[in-house]
Amino acid sequence: DLILLDVIMPVMDGMTALGKIRESKWGKKVPIIMLTNLDDIQRVSEATSQNVREYLVKSDVSTKDVLEKIKKELA
């Protein structure tokens, strides 16, 4: 399992979703990669404090790079 999570979403923002996911036993262990356009240091810090494996800024990574990181996490 792996969750690819954006910060900006229509119903609930990604940071709130991350917190809710981390509340469950399964959610504490599942690898999460944040993929977003926001490179705000505060958000990066908040995400890493909740054990996010990667915080990727869409404009800084290629699709190939994202796929490689996903494969690495699922290996």
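The values are calculated or read from the model by the stated rules, or taken from the named source; none is laboratory data. All of these numbers come straight from a predicted model, not from anything done at the bench. As a convention, Cβ positions derive from the backbone with ideal geometry for all residues, glycine included, and neighbour counts pool all protein chains shown. Ligands, DNA and RNA are excluded from the accessible area calculation, which covers all protein heavy atoms including side chains. Shrake-Rupley method; radii C 1.70, N 1.55, O 1.52, S 1.80 Å.
Residues of the chain: accessible area per residue at 1.4 Å, in Å²?
Accessible area per residue: 66 Å².
With each pseudo-label sitting 7 Å past Cα toward Cβ, what's the Lys72-Asp6 distance in nm, one decimal?
Spacing of the two 7 Å Cα→Cβ label points: 2.4 nm.
At Leu38 and Asn51, where each label point lies 7 Å from the Cα along Cα→Cβ, what is the point-to-point distance in nanometres?
2.3 nm
Under the √(5λ) rule applied to the eigenvalues of the Cα gyration tensor, what semi-axes describe the equivalent ellipsoid of the chain? Give them in Å, descending.
So the three semi-axes of the chain are 18, 16, 11 Å.
Keeping the other protein chains in place, figure out the carbon and sulfur percent of the accessible area of the chain, with a 1.4 Å probe.
The value for the chain is 53 percent carbon and sulfur by accessible area.
Amide H to amide H under 5 Å from Leu35: which residues, 5+ apart in sequence or cross-chain, H placed 1.01 Å off N in plane?
Leu5, Asp6, Val7, Leu56
Please report how far the C-alpha centroid of segment 23-69 lies from that of segment 4-18, rounded to the nearest whole angstrom.
Rounded to whole Å, the Cα centres lie 11 Å apart.
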